[in-house]
Amino acid sequence: MIIKFAPTELFVAMPPGNPAPVPIGEPISQIAVRSFTSEAASTTRTGVWECSPGRWRRQVLAAEFCVFLEGDCVFEPDEGEPIRIKAGEAVYFPANTGGVWTIETKARKAYVIFDEAR
């Protein structure tokens with residue numbers, strides 16, 4: 001099944017955010033997600049993500065490709081140098097990429113999370 005969506009329409013109907021699962025200090029980011037799961041592979045999903053400012057540990061360890069639509073943030077991988085990300089930039093996270101997010105201004109992204117082993 002082909003999945004098509006307009007991020008702006010999904011953001012309008014975004015559910016309330018939930019606290020980041022592993023926050024680091026204050027403020028605690030609120031994260032909201034609207035996603036679709038692939039019929040072919042339940043480990044593959046796509047959608048939009050929104051996060052308020054804060055700092056927290058990344059919990060998604062599957063591979064991810066995303067395009068930031070709004071905001072400024074920094075990702076500090078467990079191995080490697082911090083990566084500054086701003087609206088209009090795309091990022092690929094290989095499977096098992098751990099690290100810490102610092103969301104500086106409200107961030108929004110469209111993403112695909114997938115299993116690279118397939």
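From the helices alone, meaning DSSP H stretches of at least four residues, give me the mean residue ellipticity at 222 nm for the chain, per-run term -39500 (n - 2.57), in deg cm²/dmol to the nearest 500.
Values: 1 runs with 6 residues, N = 118.
Calculated mean residue ellipticity at 222 nm is -1000 deg cm²/dmol.
Hey, what's the Cα Rg ratio for the stretch 3-47 versus the globular rule of thumb, 2.2 N^0.38 Å?
On the way: Rg = 13.4 Å, N = 45, 2.2 N^0.38 = 9.3 Å.
Relative to the 2.2 N^0.38 Å estimate, the stretch 3-47 comes out at 1.43.
In a Gaussian network model over the chain where Cα atoms closer than 10 Å are linked, find which of T102, T46, T37 has the largest mean-square fluctuation.
In the Gaussian network model the winner is T37.
Within the accessible area of the chain, what % is carbon and sulfur when the probe is 1.4 Å and the other protein chains stay in place?
56
So what is the diffusion coefficient of the chain in µm² per second by Stokes-Einstein at 10 °C and 1.306 mPa s, using a Kirkwood Rh over Cα pairs? Working shown, then result.
Details: Rh = 14.6 Å.
Using the Kirkwood radius from Cα pairs, D works out to 109 µm²/s.
What does a probe at D115 reach in the stretch 17-57, counting residues whose amide N is under 18 Å from the point 7 Å along Cα→Cβ?
Only 36-46 fall inside the zone, counting backbone N under 18 Å.
Pull up all non-local amide H partners of G99: gap of 5 or more, or a different chain, and H-to-H distance under 5 Å with H placed in the peptide plane.
Those lying under 5 Å, H to H, from G99 are R58, D78.
Can you give me the accessible area per residue for the stretch 1-100, using a 1.4 Å probe, in Å²? Working shown, then result.
Values: 5820 Å² over 100 residues.
Heavy-atom accessible area per residue stands at 58 Å².
The values are calculated or read from the model by the stated rules, or taken from the named source; none is laboratory data. Keep in mind it's a predicted model, so treat the numbers as computed, not measured. Cβ: placed from backbone, ideal geometry, glycine included. Neighbour counts: every protein chain shown. Side chains are part of the model used for accessible areas, which takes the heavy atoms of the whole protein and leaves out ligands, DNA and RNA. Shrake-Rupley method; radii C 1.70, N 1.55, O 1.52, S 1.80 Å.
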